[in-house]
Amino acid sequence: MSENSAHPFLKWAGGKRQLLEQFDQYFPQKFNKYVEPFVGGGAVFFHLLPKQAILIDNNGELINCYKVIKNNVAELIGLLKKHKNEKSYFYKIRNLDRNHEEFNKISDVERASRTIYLNRCCYNGLYRVNSKGEFNVPFGRYKNPNFCDEKNLKAVSIVLKDIEIYKNSFESCLNFAEKDDFVYLDPPYHPISETSNFTGYTKNMFGKDSQSQLFQVFRQLDEIGCKVMLSNSYNKFILDLYKDFKIMTIYAKRAINSNAKRRGKIKEILVLNNFK
């Protein structure tokens, strides 16, 4: 099993797989370890495949998936093979988290199996929870969704063998980042309009205060001597925040919008500190 075949095991809103070709020219040529505090689907991590890395996210179900794939991939694959692509079954599995006390009793492997299954079978592959932290995306009606990609899960498990994985806030990256480390920041994007806000990865919102706090972390990482790269939406608030750093414009094709006419290429930015 080749680790080079590993790729993201979840669909993730704002995933970066489509942008990697544009990103390549901006990645540092050399760095010590890789730190990513909003790992999400991990497209950049799987693209770079660094030998040393620290992956962080505040989404507990997501981080649980990474840890289970790292440590219990065979058991996970066995459970995934038992799922069914049926509407009534989907809602039965989805609704498990409505009873929080009972849900907290199921094993980590069962939780990971549920998360991957729902992600692959729900509408548009969208991970979204409500204010209570309950998964609330409807059934996707796919003919043959691949919710048990055994080959990739095994490859991901190999890649994650020596990688550190933590459930924590983005600020925690400051506990790990050192001079000449590469830190990639991919936060929930600041909305380009009042109606485009999507921060449903967890039950906590990521608003202006969070973006400003992230900017302070960016500055601290720069002062440490890290090589820092940040993705965000192209809008005045974000452009003003990072005006003292190098800002590059890229173009992304976004499919998650209820209005099909609003899907297509849109401007995004990459912010870089002055690394070579």
Subject >> Cβ pairs under 7 Å, 6+ apart, first in the stretch 82-110 and assigned by TED's automatic domain parsing to the domain that holds residue 126, second among the aliphatic types (A, V, I, L, M) >> reply: 93/118; 94/118; 103/96; 108/68; 109/68; 109/76; 109/79; 110/79
**OP:** Scan the stretch 33-77 residue by residue and report those that are more than 25 Å from residue 189 (Cβ to Cβ), among the hydrophobic types (A, V, I, L, M, F, W, C), surrounded by fewer than 22 Cβ atoms within 10 Å (Cβ to Cβ) and touching a residue at least 12 places away in the same chain (Cβ under 8 Å).
**Re:** 49, 73, 77
Original post:
Take the residues of the stretch 223-243 that are among the aliphatic types (A, V, I, L, M) and touching a residue at least 40 places away in the same chain (Cβ under 8 Å): which is surrounded by the fewest Cβ atoms within 10 Å (Cβ to Cβ)?
Top reply: 224
Subject >> Index of the failed condition, residue 274 passing every other in (1) closer than 21 Å to residue 174 by Cα; (2) surrounded by fewer than 13 Cβ atoms within 10 Å (Cβ to Cβ); (3) at pLDDT 95 or above >> reply: (3)
**OP:** Quickly run through the stretch 164-178 and pick out the residues that are surrounded by fewer than 19 Cβ atoms within 10 Å (Cβ to Cβ) and hydrophobic (A, V, I, L, M, F, W, C).
**Re:** 174, 176
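Only helices (runs of 4 or more DSSP H) wholly contained in the stretch 87-135 count here; list those with 1 or more residues that are exposed (fewer than 12 other Cβ atoms within 10 Å of the Cβ) and of a type in the set (Gly, Ala, Ser).
Numbers: elements: 87-94, 100-103, 108-121.
Of the helices (runs of 4 or more DSSP H) lying wholly inside the stretch 87-135, those with at least 1 residues that are exposed (fewer than 12 other Cβ atoms within 10 Å of the Cβ) and of a type in the set (Gly, Ala, Ser) span 87-94.
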**OP:** For the stretch 136-144, state whether one or more residues are at pLDDT 95 or above, aliphatic (A, V, I, L, M), over 16 Å from the mean Cα position of the chain (by Cα) and in the same structural domain as residue 91 (by TED's automatic domain parsing).
**Re:** yes
**OP:** Answer yes if at least one residue in the stretch 146-166 is charged (D, E, K, R), in contact (Cβ under 8 Å) with a residue 40 or more places away in the chain, part of a strand (DSSP E or B) and in contact with a Gly (Cβ under 7 Å, 6 or more places away or on another chain), and no otherwise.
**Re:** no
Original post:
Tally time: how many residues in the stretch 13-32 are more than 17 Å from residue 273 (Cα to Cα), surrounded by fewer than 18 Cβ atoms within 10 Å (Cβ to Cβ) and in contact (Cβ under 8 Å) with a residue 40 or more places away in the chain?
Top reply: 2
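So, in the stretch 136-157, exactly how many residues are among the hydroxyl-bearing types (Ser, Thr, Tyr) and surrounded by fewer than 18 Cβ atoms within 10 Å (Cβ to Cβ)?
Taking the stretch 136-157 as the starting set, the residues that turn out to be among the hydroxyl-bearing types (Ser, Thr, Tyr) are 142, 157.
Subset that is surrounded by fewer than 18 Cβ atoms within 10 Å (Cβ to Cβ): 142.
Residues that pass the stated criteria total 1.
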**OP:** Test residue 10 against the stated conditions and say whether it is out of contact with any strand residue (DSSP E or B) (no Cβ under 7 Å at 6 or more places or on another chain), in contact (Cβ under 8 Å) with a residue 24 or more places away in the chain, assigned by TED's automatic domain parsing to the domain that holds residue 205 and not in a loop (DSSP other than H, G, I, E, B).
**Re:** no
Original post:
Which of (1) at pLDDT 90 or above; (2) buried (at least 17 other Cβ atoms within 10 Å of the Cβ); (3) not in a helix (DSSP H, G or I) is the odd one out, the single condition residue 211 does not satisfy?
Top reply: (3)
**OP:** Mind checking which helices (runs of 4 or more DSSP H) fall wholly inside the stretch 24-81 and carry at least 3 residues that are closer than 26 Å to residue 247 by Cβ?
**Re:** 43-48
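The values are calculated or read from the model by the stated rules, or taken from the named source; none is laboratory data. Only a predicted model underlies this, so the values are computations on that prediction, with no experimental measurement involved. Methodologically, a virtual Cβ is constructed for each residue, glycine included, from the backbone with ideal geometry; neighbour enumeration extends over all protein chains shown.
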